[in-house]
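For reference, the structure is listed below as structure tokens.
The values are calculated or read from the model by the stated rules, or taken from the named source; none is laboratory data. A quick note: this is a predicted structure, and the numbers were derived from the prediction, not measured. For neighbour counting, all protein chains shown are included, and Cβ atoms are generated from backbone atoms with ideal geometry for every residue, glycine included. Heavy atoms of the whole protein, side chains included, go into the accessibility calculation; ligands, DNA and RNA do not. Shrake-Rupley method; radii C 1.70, N 1.55, O 1.52, S 1.80 Å.
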Amino acid sequence: MLACRRYQCQGCGAVWTVLPASAVARKHFSAAAIALALALWGLCGLGVEQVRGLVNDWKHTGAMPGRWRSLGRWAEQVATGSLFSALEVHVEGAARTVAARAAQVLCGHAPPAQRGLPLAWQAFAGASHVS
């Protein structure tokens, strides 16, 4: 669960929602969690259900077993530049291929001290350094 603060302008009544810097607009997951999922799926070769079990702590809510549409959506959004737009990932192909390339680029943004860690951890760390 992501803690959000809401503020209301006393003059006009407008309401602002303030999210932590790690939050991604209109997503239920942080940038780091998305990066981790893309790396586990694209680079580590885990299956969709395995990735979902490691990244998503929400109960299974009726979706088809073995499917987690968010992974494919995130890969598509990376390819179109609407997610991790600073990465400038230009790759065509299957969603898993795009996920792997995005994760590779995110690994490159990990702090030097974390370069010896597993790739999924590097992608997780790199996401916090990409706007």
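Side notes on the structure shown:
- In the condition set (1) charged (D, E, K, R); (2) farther than 24 Å from residue 4 by Cβ; (3) in a loop (DSSP other than H, G, I, E, B), residue 26 is compliant with all but (2).
- Filter result for residue 30 (within 10 Å of the chain's Cα centre (by Cα), open to solvent by 20 Å² or more (accessible area, probe 1.4 Å), at pLDDT below 90 and polar (S, T, N, Q)): yes
- Residues of the range 86-99 that are closer than 21 Å to residue 55 by Cβ, open to solvent by 20 Å² or more (accessible area, probe 1.4 Å) and either in contact (Cβ under 8 Å) with a residue 60 or more places away in the chain or not in a loop (DSSP other than H, G, I, E, B) (or both): 95, 96, 97.
- Residue-level analysis places residue 83 outside the set of residues that are hydrophobic (A, V, I, L, M, F, W, C), over 17 Å from residue 24 (Cβ atoms) and in a loop (DSSP other than H, G, I, E, B).
- Of everything in the range 111-128 that is small (Gly, Ala, Ser) and surrounded by 22 or more Cβ atoms within 10 Å (Cβ to Cβ), the residue that is nearest to the chain's Cα centre (by Cα) is 127.
- Taking the range 7-23 as the range and being open to solvent by 60 Å² or more (accessible area, probe 1.4 Å), modelled with pLDDT under 90, assigned to a strand (DSSP E or B) and not hydroxyl-bearing (Ser, Thr, Tyr) as the test, the residues that pass are 16, 18.
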